[in-house]
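Input: a single structure, listed below in structure tokens.
The values are calculated or read from the model by the stated rules, or taken from the named source; none is laboratory data. Note that the structure is predicted; figures quoted are calculated from it, not measured. No Cβ is skipped: glycine too gets one built from the backbone with ideal geometry, and neighbour counts run over all protein chains shown. Surface accessibility is based on the protein's heavy atoms, side chains included, excluding ligands, DNA and RNA. Shrake-Rupley method; radii C 1.70, N 1.55, O 1.52, S 1.80 Å.
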Amino acid sequence: MNRPEPYDLIIRNGEIVTRDRTCVADLGIRGGVIAAIEAHLDKGTGRAIFDASGLLVFPGIVDAHVHLNEPGLGNWEGFASGSAALAAGGCTVYADMPLNGLPPTVTAEAMRKKLDAAASRSVIDYALWGGLVPGLLDELKPLAEAGVIGFKAFMSEPGGEGEDRFRRADDLTLYEGMKRIAPLGKVLALHAESEPIVSGLADRALREGRTTAGDYAASRPVIAELEAVRRALFYAEQTGCKLHFVHISSADAVREIELAKRGGMDVTVETCPHYLVLTEEDMLSLGPAAKCAPPLRSESERSRLWEALASETIDTIASDHSPCPSFMKAGREPLDWFAAWGGISGAQSTLELMIDEGYLNRSIPLPLLGRMLSLAPAQRIGLHPRKGEIAVGADADIAVVHIAGDPYRLHPELLHYRHKHSPYVGRSFRSRVVATFCRGAKVYEWSTEGAFFPAGGARGQWIR
């Protein structure tokens, strides 16, 4: 009688989070793929054993919204440091946005440059977004054929300088772009803020010399997000284009998108950890490390977002990791919030934040968090069933987490970003990612002696 082929790895006795339940079981991994989920796999059938007793075995995070800035701006954050931070946060595949690299990923040639920058540098797997910008509509089809997962457009000015910067899609570009993207079968991801509203309010504040955190937040009100969402939904209704709204910060916008879903539109909504754990009050205590666009909202708005998450009217959670050199967060003296760079460095903390605040503090079920952090984003960007859940036949992408232990405080030296700033520095966490496996290979492990990335750890693959 033939003996079954041994597993390359058995992860034993962990509390496994599947799409609809948790259970204590063993995972048998062979050839980078989950081959078995059983209560008790024969220990002798595993070439290697990882004991996960008392630990959470979570599906590897699929972060569909990160900015790693290569080529051209690797000194802000590159594939090596950015992917290491993601791995330390339990992420096993990410989708890199077409900005702020130089050149941005708005042509097939620019995409090749980004792939060259990523090759042999990423610790974990990755996919790429293309960009929708004025004047380059003819590049959408070549980018789709080259393997982008979808396209990103800004309805407000994204910032940056120079000829190569990523540019806002005016209304005609947005409408014509949707008409071209729809037959390609791709999704359009949108930064939804009304440029006339935010630029008008910002110009007024600057003319009057008002540059505080509150002035910045007031220049990007919820109505700017809501107006842009409604306009984009109207264009999508006319064109049949699939939409994905990124970093939505208000419950009113979530409700508007939910109504469109009920009406039969193919649309999804993402929010980010910073809108779920921080408020505009934190901008005062944390400084520009907490500046982002849209800005942080009120405590009432934060509570309403949690209600939307619990009712599953929010589809996905992503980090919107948008790093920069630390001096760009300082602004000018006296502190000018409009001059400081707007973006949150937070990818390393996403899973721990959501377990702490969502599961431990608010009793959000772990399977629901797993769907929003892993399964739903993988489905939306076309990586499922290979990615996104713990299931037989899926890639063995696993985050092992210790929960409800002694809290640890996040210090800058624990961050794996190129620049050690984050609004979460100083925060105490009760959960901790202790190991991350990408296609069955251990790409990160934590111990009391510190973090460990295996030698030759740049094992990430481009997922078309």
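Of all residues in the range 26-45, those satisfying the criterion of being acidic (Asp, Glu) and either in contact (Cβ under 8 Å) with a residue 60 or more places away in the chain or open to solvent by 10 Å² or more (accessible area, probe 1.4 Å) (or both) are 38, 42.
If the condition is being out of contact with any Phe, Trp or Tyr (no Cβ under 9 Å at 6 or more places or on another chain), under 18 Å from residue 63 (Cβ atoms) and open to solvent by 20 Å² or more (accessible area, probe 1.4 Å), then the range 377-435 contributes 379, 380, 382, 384, 386, 389.
The single condition among (1) in contact (Cβ under 8 Å) with a residue 60 or more places away in the chain; (2) more than 16 Å from residue 388 (Cα to Cα); (3) outside any strand (DSSP E or B) that residue 19 does not meet is (2).
Test residue 179 against the criterion of being in contact with a Lys or Arg (Cβ under 8 Å, 6 or more places away or on another chain) and of a type in the set (Lys, Arg), and give yes or no.
Numbers: in contact with a Lys or Arg (Cβ under 8 Å, 6 or more places away or on another chain): no; of a type in the set (Lys, Arg): yes.
No, not satisfied.
I'd like to check something: does the range 121-138 contain any residue that is part of a helix (DSSP H, G or I) and either among the hydrophobic types (A, V, I, L, M, F, W, C) or touching a residue at least 24 places away in the same chain (Cβ under 8 Å) (or both)?
Yes - at least one qualifying residue is present in the range 121-138.
Residue 445 meets the conditions (1) open to solvent by less than 40 Å² (accessible area, probe 1.4 Å); (2) part of a strand (DSSP E or B); (3) acidic (Asp, Glu) in every case but one. The failed one is (1). Condition test on residue 182, is it over 23 Å from the mean Cα position of the chain (by Cα), touching a residue at least 24 places away in the same chain (Cβ under 8 Å), over 29 Å from residue 141 (Cβ atoms) and outside any loop (DSSP other than H, G, I, E, B)? No; evaluated as a whole, the condition is false for this residue. Test residue 95 against the stated conditions and say whether it is out of contact with any strand residue (DSSP E or B) (no Cβ under 7 Å at 6 or more places or on another chain), buried (at least 21 other Cβ atoms within 10 Å of the Cβ), within 20 Å of residue 317 (Cα to Cα) and among the hydrophobic types (A, V, I, L, M, F, W, C). Considered against the rule, which asks whether it is out of contact with any strand residue (DSSP E or B) (no Cβ under 7 Å at 6 or more places or on another chain), buried (at least 21 other Cβ atoms within 10 Å of the Cβ), within 20 Å of residue 317 (Cα to Cα) and among the hydrophobic types (A, V, I, L, M, F, W, C), residue 95 comes out as no.
Condition check ((1) touching a Pro at 6+ places or on another chain (Cβ under 9 Å); (2) open to solvent by less than 10 Å² (accessible area, probe 1.4 Å)) across all residues:
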residue	(1), (2)
237	no, no
240	yes, no
247	yes, yes
254	no, yes
259	no, no
265	no, no
288	no, no
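Set side by side, the residues 310, 318, 289 differ, and just one is over 19 Å from residue 355 (Cβ atoms) and modelled with pLDDT of 95 or more, which is 289. Counting only helices (runs of 4 or more DSSP H) that fall entirely inside the range 332-440 and contain at least 2 residues that are small (Gly, Ala, Ser), the qualifying elements are 376-380. Just one of the listed residues (258, 270, 237) is acidic (Asp, Glu), modelled with pLDDT of 95 or more and outside any helix (DSSP H, G or I), namely 270. Comparison of 304, 297 shows that the only residue that is assigned to a loop (DSSP other than H, G, I, E, B) and either open to solvent by 30 Å² or more (accessible area, probe 1.4 Å) or of a type in the set (D, E, K, R) (or both) is 297. In the set 218, 232, only one residue is buried (at least 18 other Cβ atoms within 10 Å of the Cβ) and among the aliphatic types (A, V, I, L, M); that residue is 232. Can you find even one residue in the range 323-345 that is hydrophobic (A, V, I, L, M, F, W, C), in contact with a Cys (Cβ under 7 Å, 6 or more places away or on another chain) and within 19 Å of residue 189 (Cβ to Cβ)? Checked against the condition, which is being hydrophobic (A, V, I, L, M, F, W, C), in contact with a Cys (Cβ under 7 Å, 6 or more places away or on another chain) and within 19 Å of residue 189 (Cβ to Cβ), the range 323-345 yields at least one hit.
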